[in-house]
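Undergrad: Before I ask anything, let me first share the structure, which is written out below as structure tokens.
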Amino acid sequence: MAYRLPPLNTLRLFEAAGRRLSFKAAAEELCLTPSAVSHGIQTLEDWLGVELFLRGNRSLALTPAGEAYLPRVRDALHSLALATESVPGRQPSGRLSVSAAPTFALRWLIPRLPAFREIHPTLSVSLDTSHRRVEFPRDGIDVGIRLGRGPWPGLAALKLLDEELVPVAAPALAARAATPADLLALPRLHVASVSEDWAAWAEGAGLPPAALAEGLRFDAIHMAVDAAVRGLGVVIGRRPTIDPELEAGRLVEVTGPRLRARAGWWMVTSRDSLQRPEIAAFRAWMRTEFNHQR
């Protein structure tokens with residue numbers, strides 16, 4: 001049976017642009033120029049004989065035809081990607097794409113990657129530290145490492161590490177707190193991505209969670225930690241992630257209990273990708289590394 005199909009790459013461009021409603025965002029995602037995306041979409045529209053987008057000066061919207069076409073194209077591309085991942089006997093590509101939260105990448109993965117390279121010198125690793133949600137295998141990411149509660153239906157999830165919550169501060173500031181209640185009078189630092197940490201710790205320390213809700217806010221853990229080192233306030237540290245600062249004396253534990261965090265670090269990937277040599281090697285190495293940390 002002969003399939004009458006448009007150029008397949010134009011479908012990939014259309015799916016990204018339709019999902020993001022932006023040629024520029026689609027271009028950044030696909031490592032192309034906006035002009036290349038625009039020309040590819042135009043090629044697809046010419047082939048179909050119908051417009052897929054309504055183009056404004058500063059806006060982009062799907063036409064009714066585009067809205068009807070997009071979910072079918074997305075499903076078809078997803079099926080092709082899954083079929084490719086699960087081909088029996090697929091040869092190693094020698095490439096591995098890892099998406100990791102910036103804090104994990106900076107404090108755990110990057111310092112240990114030289115050891116992985118020594119074991120697998122021919123395997124090229126690329127690291128993505130954006131906060132975007134990853135869809136396997138559509139986004140071209142092989143493995144994702146995230147802070148969460150898991151497990152995730154349909155994905156192969158490996159729990160790497162649990163963490164303990166503990167308030168930490170620069171030594172001079174920490175000396176001003178003899179009891180958990182003393183934290184009410186100290187400046188506090190909050191992180192948007194783990195906004196529940198202060199409330200969870202306060203509850204464990206017998207304090208009303210709302211009492212510790214005020215303070216400076218940051219969108220990344222490493223920024224809040226740096227602010228704490230500079231004496232700007234008390235932050236909820238996650239051990240052992242915060243251990244380098246504690247061991248160096250830049251931060252110290254403030255009075256109060258340690259509390260096991262509700263979320264831990266997980267490695268996730270598509271179940272269809274588990275047998276790929278690159279992913280199997282990385283997963284086995286990560287399991288060994290974190291077994292040594294326990």
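No value in this document is a laboratory result; all are computed from the given coordinates. Note that the coordinates shown come from a computational prediction; the quantities given were computed from them, not determined experimentally. For neighbour counting, all protein chains shown are included, and Cβ atoms are generated from backbone atoms with ideal geometry for every residue, glycine included.
Undergrad: Tilt of helix 64-85 relative to the longest C-alpha principal axis of the chain, in degrees (0 to 90, nearest 10)?
TA: 80
Undergrad: A further question follows. How large is the Kirkwood hydrodynamic radius of the stretch 194-294, counting all unique pairs of alpha carbons, in Å?
TA: Over the stretch 194-294, the inverse of the mean reciprocal pair distance is 16.2 Å.
Undergrad: Further, regarding this structure: Output the 0 to 90 degree angle, nearest 10, between the alpha-carbon long axis of helix 110-119 and the longest principal axis computed from the alpha carbons of the chain.
TA: 60
Undergrad: Now a separate question. Would you kindly state how much longer the chain becomes between Asp182 and Gln42 on full extension, computed as 0.36 nm times their sequence separation minus their alpha carbon distance, in nm to one decimal?
TA: Stretched fully, the Asp182-Gln42 segment lengthens by 44.0 nm.
Undergrad: Now, a different point. Angle between the Cα long axis of helix 34-48 and the longest principal axis of the chain, 0 to 90 degrees, nearest 10?
TA: Result, in degrees: 40.
Undergrad: Could you state the principal axis extents of the C-alpha atoms in the stretch 1-89, from the largest down, to the nearest angstrom?
TA: If we take the Cα atoms of the stretch 1-89, the spans are 49, 29, 19 Å.
Undergrad: Here's another thing I want to ask about it. Mind checking Rg over Rh on the stretch 39-130, alpha carbons, Kirkwood formula for Rh?
TA: 1.16
Undergrad: Rg/Rh for the stretch 143-208: what does it come to with C-alpha atoms and Rh from Kirkwood?
TA: A ratio of 1.09.
Undergrad: Could you compute how fast the stretch 162-247 diffuses translationally, taking Rh as the Kirkwood radius over C-alpha pairs and applying Stokes-Einstein at 4 °C with viscosity 1.567 mPa s? Give it in µm² per second.
TA: The diffusion coefficient I find is 102 µm²/s.
Undergrad: Between Pro71, Pro257, Pro277, where does the largest GNM mean-square fluctuation fall for the chain, given springs only between Cα atoms within less than 10 Å?
TA: Comparing Pro71, Pro257, Pro277 in a Gaussian network model of the chain, the most mobile one is Pro71.
Undergrad: Please find, in a Gaussian network model of the chain (springs between Cα atoms separated by less than 10 Å), the residue of Ser195, Ser59, Ser99 whose mean-square fluctuation is greatest.
TA: Of Ser195, Ser59, Ser99, the Gaussian network model singles out Ser59 as fluctuating most.
Undergrad: Separate question: Taking volume of the Cα convex hull per residue in Å³ as the quantity of interest, determine which of (i) 150; (ii) 177; (iii) 117 was computed from the displayed structure.
TA: Read-out from the structure maps to (ii).
Undergrad: While we're on this one: Using alpha carbons only, how many angstrom separate the centre of the stretch 226-272 from the centre of the stretch 8-70?
TA: 42
Undergrad: Can you give the local net charge around His39? Use residues other than it whose beta-carbon is closer than 11 angstrom to its beta-carbon, Lys and Arg +1, Asp and Glu -1.
TA: Surrounding charge for His39 is -2.
Undergrad: Still on this structure, please answer the following. How big is D, in µm² s⁻¹, for the stretch 101-211 by Stokes-Einstein at 37 °C and 0.692 mPa s if Rh is the Kirkwood radius over C-alpha pairs?
TA: Answer from the Stokes-Einstein relation: 186 µm²/s.
Undergrad: Using a Gaussian network model of the chain whose springs link C-alpha atoms within less than 10 Å, name the residue from Gly264, Gly140, Gly49 with the highest mean-square fluctuation.
TA: Gly49
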